[in-house]
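> I'd like to ask some things about the structure below.
The values are calculated or read from the model by the stated rules, or taken from the named source; none is laboratory data. This is a predicted model, so every value here is computed, not measured. Heads up, the Cβs are rebuilt from the backbone with ideal geometry, glycines too, and the neighbour counts pull from every protein chain shown. Ligands, DNA and RNA are stripped out before the accessible areas are found, and what is left, the full protein with its side chains, is counted by its heavy atoms. Shrake-Rupley method; radii C 1.70, N 1.55, O 1.52, S 1.80 Å.
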Amino acid sequence: MAGIRVIEVDWQRLRNGAAHHTQEYPSPELVVRRGQMFTITLELNRSLDSEETFIFTVETGPQPSEALRTKAVFQTSTSELEVGNAWSTVKEAQMENTLTISLASPPSAVIGRYLLSARVSSRRKHSDWKLGKFVLLFNPWCPEDAVFLASEEERQEYVLSDSGIIFRGVEKHIQAQGWNFGQFEEDILNICLSILDRSPSHQDDPATDTSRRHDPVYVTRAVSAMVNSNNDQGVVQGQWRRRYGSGTSPLHWRGSVAILHQWFKGRCKPVKYGQCWVFAGVMCTVLRCLGIATRVVSNFNSAHDTDGSLSVDKYVDSFGRTLEDLTKDSMWNFHVWNESWFARRDLGPFYNGWQVLDATPQEESEGVFRCGPASVAAIREGDVHLAHDGPFVFSEVNADYAAWLWNEDESRERVYSDTKKIGRCISTKAVGSDSRVDITGLYKYPEGSRKERQVYSKAVKKLFSVEASGRRARVHRAGGRGLWRDDLLEPATKPSVTGKFKVLEPPKLGHDLRLALCLANLTSRAQRVRVNLSGATILYTRRRVAEILHESHTLRLGPEEEKKIPVTISYSQYKEELTEDKKILLAAMCLVTKGEKLLVEKDITLEDFITIKVLGPAVVGEAVVVEVMVVNPLLERVEDCVLMVEGSGLLQGQLSITVPSLEPQERASVQFNITPSKSGPRQLQVDLVSPHFPDIKGFVIIHVAKAKS
């Protein structure tokens with residue numbers, strides 16, 4: 001009898017893809033999820049006889065090893081297949097020269113690209129056959145997998161949705177920006193696996209690194225480091241200095257696909273440039289692609305605490321302008337990171353669930369620019385001592401904010417500021433809709449509540465030890481001065497005058513800004529107040545770019561009297577200095593009799609306008625017209641405007657459409673066709689790009705019907 005040979009392998013991609021929720025991957029290889037069986041059919045040169053049985057080998061990584069669980073050898077069984085702690089297989093059916101078998105991986109298997117081989121156990125000698133390669137991913141549908149997520153609606157949103165929304169702007173004016181994650185686009189899965197292989201840990205010790213890829217804590221921490229380029233051949237290079245000449249402005253990206261393709265095709269040369277929402281968008285793509293439920297989270301008034309004191313100290317001059325050479329900490333208008341859902345078997349079940357991950361290179365963690373995973377539950381309870389990077393994340397959402405007036409003699413005075421300023425409106429996209437969900441309550445107790453202050457004190461005590469002798473830990477600050485630990489818990493004295501900026505007209509790009517500083521005397525005695533006003537265009541990190549306002553006023557406030565100081569900034573004042581972030585910061589240092597000092601600040605984002613409509617039903621394979629209404633925001637004629645269009649499943653790559661010249665404040669309609677290739681909800685992004693003003697961004701969700709049969 002002739003020796004048995006495998007002639008062909010049917011990987012049953014349609015059947016397995018549907019069962020494993022992987023049918024959207026365009027990979028030429030089978031893609032399945034761990035902890036779940038999959039079925040293949042082998043075509044043989046003859047039928048198996050009774051004494052012959054198949055022995056299979058699966059192996060992953062450059063140095064597969066059974067000891068490291070990157071290799072497994074197992075044979076077919078005739079009993080019912082059960083998912084367990086080891087790889088297994090069972091014979092499902094045998095018909096003449098075909099053999100159908102089901103294989104199952106353990107729910108803790110290493111994820112990655114596997115080689116499947118087979119040989120026959122019998123008295124005759126048979127060769128080993130390399131049957132082919134398949135990709136194994138994390139499995140949020142498997143209850144035994146550490147990444148298991150119980151809600152099907154949330155799995156659809158956080159694993160399978162290939163587009164999303166990133167919230168930007170300022171606390172009082174939150175803006176939604178569409179983002180194309182595109183985890184099912186061509187080559188993206190292969191690129192995501194390559195990111196893991198390019199990590200320094202893999203380059204140093206590939207066998208051990210591969211063996212640790214069963215653990216979502218390890219994998220997400222590695223991805224957090226690799227999405228930025230600070231320590232490795234990471235994907236995106238950060239730039240916060242407005243110097244984008246040798247690359248792409250962070251605001252010009254509309255999704256992750258172009259970035260990942262550019263990195264891979266450029267032989268892993270970092271892509272220029274990114275800022276926080278770009279890092280978060282790319283990391284969301286990678287982790288969803290690998291099978292970990294992930295979402296993008298925006299924190300408004302986000303602290304960057306450089307010394308781990310849980311306090312953000314800002315030094316200002318007599319006009320409220322930040323002294324950047326002294327101010328090492330900062331408070332960004334917003335900061336964007338990720339949350340991924342998995343169990344923390346290293347910490348205990350209380351800390352399971354959402355974990356903070358941040359790929360933006362801000363501070364080193366164990367010598368590498370990365371952040372997390374930090375349990376959201378641990379942050380809420382002040383358990384900042386737990387792995388990983390709890391103090392930094394706690395500060396981002398819950399640090400106390402201290403403003404200091406720096407005098408010419410290098411002395412400083414505490415200025416009243418709001419302890420509730422940090423960590424506002426923590427936001428993410430709602431499941432199944434475009435709405436914004438406020439998840440601040442997951443990170444902290446209500447601001448100013450007794451419980452919130454108790455948690456803050458607990459976090460401080462965990463970080464700063466009090467020696468037995470009673471001496472207190474000292475935190476060093478600007479100019480070599482320091483703060484006693486106890487000082488961090490004491491707010492500045494509340495002044496007898498309150499102040500607030502009020503916007504009198506909507507702040508529109510291309511128009512003058514009209515505001516008023518409203519001051520109120522809280523006492524029954526008259527008071528004299530000197531007000532030093534300043535204004536500057538800023539980046540979203542609140543770094544000043546150029547001063548556009550500098551003036552002083554002195555006024556008398558009668559008992560319990562309120563007065564308004566009008567503030568006007570003309571378009572000509574900010575036109576040349578406005579950044580792509582379209583943000584302006586106003587500050588008023590109020591010097592009250594008896595030495596009281598009050599700092600009032602207002603962050604403004606200039607508004608713009610774009611609308612997108614689909615003129616007819618959207619059906620797979622059929623062209624449909626899209627109409628975009630744009631407005632020239634300026635009081636002058638503009639030319640050389642372009643619409644940049646992108647959307648997974650709606651068009652291939654990017655579309656560039658020339659816009660006719662626009663008269664001052666003119667509205668114009670631009671139409672173009674798209675032909676959807678995938679059904680379901682699809683996100684179309686349209687940006688109006690001009691050399692005369694910052695990009696105006698818009699998006700729309702299009703519900704695409706399946707092709708008519």
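> Find how many whole Å separate the alpha carbon centroid of the stretch 618-643 from the alpha carbon centroid of the stretch 366-429.
The distance from the Cα centre of the stretch 366-429 to that of the stretch 618-643 comes to 41 Å.
> Grab the DSSP H runs of the chain that are 4 residues or longer, score each as -39,500 (n - 2.57), total them, divide by all residues and round the 222 nm result to the nearest 500 deg cm²/dmol.
-4000 deg cm²/dmol
> Follow-up. In the stretch 6-137, what is the volume of the convex hull around the alpha carbon atoms, normalised per residue and reported in Å³?
112 Å³
> Can you give the Kirkwood hydrodynamic radius of the stretch 610-704 from its Cα pairs, in Å with one decimal?
Averaging 1/r across every pair of different Cα atoms and inverting gives 13.7 Å.
> For the pair residue 156 and residue 59, what calculated FRET efficiency results from E = 1/(1 + (r/R0)^6), where r is the Cβ-Cβ distance and R0 = 22 Å, to the nearest 0.05?
The computed FRET efficiency comes out at 0.10.
> Then there's this: Over the stretch 548-660, what per residue volume does the convex hull of the Cα atoms give, in whole Å³?
Normalising the Cα hull of the stretch 548-660 by residue number yields 203 Å³.
> If you build the convex hull over the alpha carbons only and average its shadow over all orientations, what do you get for the stretch 377-423? Give it in nm² to one decimal.
If I average the Cα hull's projected area over directions, I get 4.3 nm².
> Along the charge dipole of the chain, pointing to its positive end and built from +1/-1 on Cβ of Lys, Arg, Asp and Glu, which listed residue (16, 371, 178) has its Cα farthest out?
371
> Here's another thing I want to ask about it. So how strong a dipole does the chain carry about its Cα centre when Lys and Arg Cβ are +1 and Asp and Glu Cβ are -1, to the nearest 20 debye?
1020 debye
> To continue, here is another question. If you wrap a convex hull around the alpha carbons of the stretch 169-463, what volume per residue comes out, as a whole number of Å³?
148 Å³
> I'd like to know which of 347, 699, 668 lies farthest towards the positive end of the charge dipole of the chain, counting +1 on Cβ of Lys and Arg and -1 on Cβ of Asp and Glu.
347
> Counting only protein heavy atoms, what percent of the accessible surface of the stretch 169-463 is carbon or sulfur at a 1.4 Å probe?
Roughly 46 percent, rounded to a whole number.
> Averaged per residue, what accessible surface does the chain expose to a 1.4 Å probe, in Å²?
41 Å²
> Rg and Dmax in Å for the chain, alpha carbons only: what are they?
When restricted to Cα atoms, the chain yields Rg and Dmax of 29.4, 111 Å.
> Now for a separate question. Any idea which of 89, 553, 645 is furthest toward the positive side of the dipole for the chain, if Lys and Arg beta-carbons carry +1 and Asp and Glu beta-carbons -1?
Comparing the listed Cα positions along the dipole, 553 ranks first.
> Would you mind putting 537-545, 86-94 in packing order, based on average other-beta-carbon counts within 10 Å, highest first?
Those peptides, ordered most packed to least, come out 537-545, 86-94.
> Accessible area, 1.4 Å probe, largest first: how do 518, 641 sort?
Ranking 518, 641 by accessible area, largest first, yields 518, 641.
> Quote the relative contact order of the stretch 225-293 in percent (integer), defining contacts as alpha-carbon pairs under 8 Å separated by 6+ residues.
So the answer I get is 36 percent.
> Counting only protein heavy atoms and using a 1.4 Å probe, what share of the accessible area of the stretch 6-137 belongs to carbon plus sulfur, as a whole percent?
The nonpolar share, carbon plus sulfur, comes to 46 percent.
> I've got another one for you. Using only C-alpha atoms and all pairs of different ones, pull out the Kirkwood radius for the stretch 149-268 in Å with one decimal.
16.4 Å
> What fraction, in whole percent, of alpha-carbon pairs in the stretch 495-535 exceed 16 Å separation?
50 percent
> Which of the helices in the chain, when you take each full DSSP H run, stretch at least 15 Å along the axis at their Cα atoms and have an average Kyte-Doolittle score of -1.0 or higher?
216-227, 276-290
> Spin-label point model (7 Å from Cα, Cβ direction): what's the residue 503 to residue 454 distance in nm?
Each label point lies 7 Å from its Cα, and together they span 3.9 nm.
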